[in-house]
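One structure is given below, encoded as structure tokens.
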Amino acid sequence: MIRLLGGWGYENLGDEAILAGYVQYLGARERFHIASAAPPRTRIAQGGAVDVRREGQPWHGASNVLIGGGGYINGGWLPNIYTKLGALACDTRQAQVVAHGIEVRKMNNRTKQALLARVLRGGEVAVRDAESAAELERCDVNSVDILPDAISLLVPHIEKYLEPAPSLKGKILINLLDVPGRSDSDESELNVRAWNEFADSLLTKLGDRAVGLIVGAYDHEYMKRFRHLSFVEPRTVGQLLSVIDNAAGIVSVRMHPALLASAMGKPVVAIPYCGKVRPTLSRIGIHSRILGRLDVDYALDLLSEPYSAASAWEKAHRENEVWLDDKLFQVQPSVRGEFR
């Protein structure tokens, strides 16, 4: 039995899509249950057929704890990071820890560093960028591997989630946030002072082709400033994937809708609103989809530019699956045979 921890239940459907990849991966291999900050929300996002319990509460019967990928351990989210680290310390007590594809940022005081070291030291750890590895080294957590984003575990299974959404044919999905107002805006590659002007111009040029995509908390709070913009708000991972599949393209501040769109061969523009975007997309091999400057015509050119990232995603999936097979089940590629 494996206990699966991560950023589940925190009002971010992109993180729930990461979880769906783990559900697909583990479902064919081992019994597991999920620890979520909000079990009802996670059950809905996953379509209901999963064993979900509240994180940080007593549990029994799991020999391994898998801490799943994503930005769950970002020390910049105060005061939540202390609650998360406390829950992790409780959830990982007396268990073998495997942390996979995590992003670690701003563990910049002794309390955060000590709590994280207590959770991860002695476990198997892989992060999704070199910056996270360096951050862990400062926490005295060494021997860290670097892998592509964990959302790649979902990619081979996307087809089984898809349903028609004909009203989105020809539409461009727009996911925008208040980039200048974010606590991580200092990491942005873009001129955040020009952000609102760019967003206004983009929506004006797209006109009624644009549809606002609500993926997590605060998305609507910013995009409601565009009074004539209609919205779509998926509640499940399947709905999110179907929305992306039926649209003509996507411009996204949130990283995982952009990643999923690239995996599905959809025209996509990823906004490098903070420091995680470029290393994550570059690690997978799709850095060409990053908006390097706040130029509307440049963004529209990217949306009309044909490309295929299939081979990059296949490679990313294989790297993650091999690593997990080894660390969780001690299965080497030569024993497993051919990749699926």
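The values are calculated or read from the model by the stated rules, or taken from the named source; none is laboratory data. Here the structure is a predicted model, which means the values were calculated and not measured. Note that each Cβ is placed from the backbone with ideal geometry, even for glycine, and that neighbours are counted across all protein chains shown. What goes into the accessible areas is simple: the full protein's heavy atoms, side chains included, and nothing from ligands, DNA or RNA. Shrake-Rupley method; radii C 1.70, N 1.55, O 1.52, S 1.80 Å.
Among the residues of the range 39-64, how many are open to solvent by 20 Å² or more (accessible area, probe 1.4 Å), small (Gly, Ala, Ser) and out of contact with any helix residue (DSSP H, G or I) (no Cβ under 7 Å at 6 or more places or on another chain)?
Taking the range 39-64 first, the residues open to solvent by 20 Å² or more (accessible area, probe 1.4 Å) are 40-41, 43-44, 46-51, 53-61, 63-64.
When the remaining residues are screened for being small (Gly, Ala, Ser), the result is 47-49, 56, 61, 63.
From the residues that got through so far, the ones that are out of contact with any helix residue (DSSP H, G or I) (no Cβ under 7 Å at 6 or more places or on another chain) too are 48-49, 61, 63.
Within the range 39-64, residues that are open to solvent by 20 Å² or more (accessible area, probe 1.4 Å), small (Gly, Ala, Ser) and out of contact with any helix residue (DSSP H, G or I) (no Cβ under 7 Å at 6 or more places or on another chain) number 4.
Counting only residues that are closer than 23 Å to PRO234 by Cβ and either without any contact (Cβ under 8 Å) to a residue 60 or more places away in the chain or part of a strand (DSSP E or B) (or both), how many does the range 173-183 have?
Total satisfying the criteria: 4.
Which residue out of ALA247, ALA258 is of a type in the set (Gly, Ala, Ser) and under 21 Å from TRP8 (Cα atoms)?
Being of a type in the set (Gly, Ala, Ser) and under 21 Å from TRP8 (Cα atoms) holds for just one of ALA247, ALA258, which is ALA258.
Among the residues of the range 184-202, write down those that are open to solvent by 20 Å² or more (accessible area, probe 1.4 Å), without any contact (Cβ under 8 Å) to a residue 60 or more places away in the chain and not charged (D, E, K, R).
Hits for the range 184-202 are VAL192, ASN196.
Looking only at the range 209-220, decide whether some residue is open to solvent by 10 Å² or more (accessible area, probe 1.4 Å) and of a type in the set (Asp, Glu).
Scanning the range 209-220 turns up no residue that is open to solvent by 10 Å² or more (accessible area, probe 1.4 Å) and of a type in the set (Asp, Glu).
Among the candidates SER167, SER201, which residue alone is in contact with a strand residue (DSSP E or B) (Cβ under 9 Å, 6 or more places away or on another chain), hydroxyl-bearing (Ser, Thr, Tyr) and outside any loop (DSSP other than H, G, I, E, B)?
Exactly one of SER167, SER201 is in contact with a strand residue (DSSP E or B) (Cβ under 9 Å, 6 or more places away or on another chain), hydroxyl-bearing (Ser, Thr, Tyr) and outside any loop (DSSP other than H, G, I, E, B), namely SER167.
When you scan the range 257-265, do you find a residue that is open to solvent by 40 Å² or more (accessible area, probe 1.4 Å), free of Cβ contacts under 8 Å to residues at least 60 places away in the same chain and out of contact with any Gly (no Cβ under 6 Å at 6 or more places or on another chain), even just one?
yes
Taking the range 308-336 as the region of interest, how many residues are surrounded by 14 or more Cβ atoms within 10 Å (Cβ to Cβ) and not in a helix (DSSP H, G or I)?
2
What is the residue count in the range 88-100 for residues that are more than 13 Å from LEU4 (Cα to Cα) and buried (at least 17 other Cβ atoms within 10 Å of the Cβ)? Give the derivation first.
Initial filter on the range 88-100 (more than 13 Å from LEU4 (Cα to Cα)): 89-90, 93-94.
Restricting the remaining residues to those that are buried (at least 17 other Cβ atoms within 10 Å of the Cβ) gives none.
Going through the range 88-100 one residue at a time, the tally reaches 0.
Can ILE81 be described as in a helix (DSSP H, G or I) and surrounded by fewer than 16 Cβ atoms within 10 Å (Cβ to Cβ)?
Here the answer is no, as ILE81 does not meet what is asked.
Can you confirm whether GLY71 is in contact (Cβ under 8 Å) with a residue 40 or more places away in the chain, open to solvent by 10 Å² or more (accessible area, probe 1.4 Å) and in a strand (DSSP E or B)?
yes
If you check TYR298, TYR273, which single one turns out to be open to solvent by 30 Å² or more (accessible area, probe 1.4 Å) and either touching a Lys or Arg at 6+ places or on another chain (Cβ under 7 Å) or among the hydroxyl-bearing types (Ser, Thr, Tyr) (or both)?
TYR298
Rundown of residues vs (1) among the small types (Gly, Ala, Ser); (2) within 20 Å of the chain's Cα centre (by Cα); (3) part of a loop (DSSP other than H, G, I, E, B), yes/no style:
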| site | (1), (2), (3) |
| --- | --- |
| ARG41 | no, yes, no |
| VAL50 | no, yes, yes |
| TRP59 | no, no, yes |
| ALA62 | yes, no, yes |
| VAL65 | no, yes, no |
| TRP77 | no, yes, yes |
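Which of (1) on the phi > 0 side of the Ramachandran plot; (2) surrounded by fewer than 23 Cβ atoms within 10 Å (Cβ to Cβ); (3) in contact (Cβ under 8 Å) with a residue 40 or more places away in the chain is the odd one out, the single condition LYS106 does not satisfy?
Checking LYS106 against (1) on the phi > 0 side of the Ramachandran plot; (2) surrounded by fewer than 23 Cβ atoms within 10 Å (Cβ to Cβ); (3) in contact (Cβ under 8 Å) with a residue 40 or more places away in the chain, the one that fails is (3).
Here is a list: ALA165, ALA150. Which entry is small (Gly, Ala, Ser), under 16 Å from ARG318 (Cα atoms) and in contact with a helix residue (DSSP H, G or I) (Cβ under 6 Å, 6 or more places away or on another chain)?
ALA150
Counting only residues that are buried (at least 18 other Cβ atoms within 10 Å of the Cβ) and of a type outside the set (A, V, I, L, M, F, W, C), how many does the range 228-247 have?
Step one: of the range 228-247, the residues buried (at least 18 other Cβ atoms within 10 Å of the Cβ) are 232, 234, 236-247.
Now drop any that are not of a type outside the set (A, V, I, L, M, F, W, C), which leaves 234, 236, 238-239, 242, 245-246.
So the count comes out to 7.
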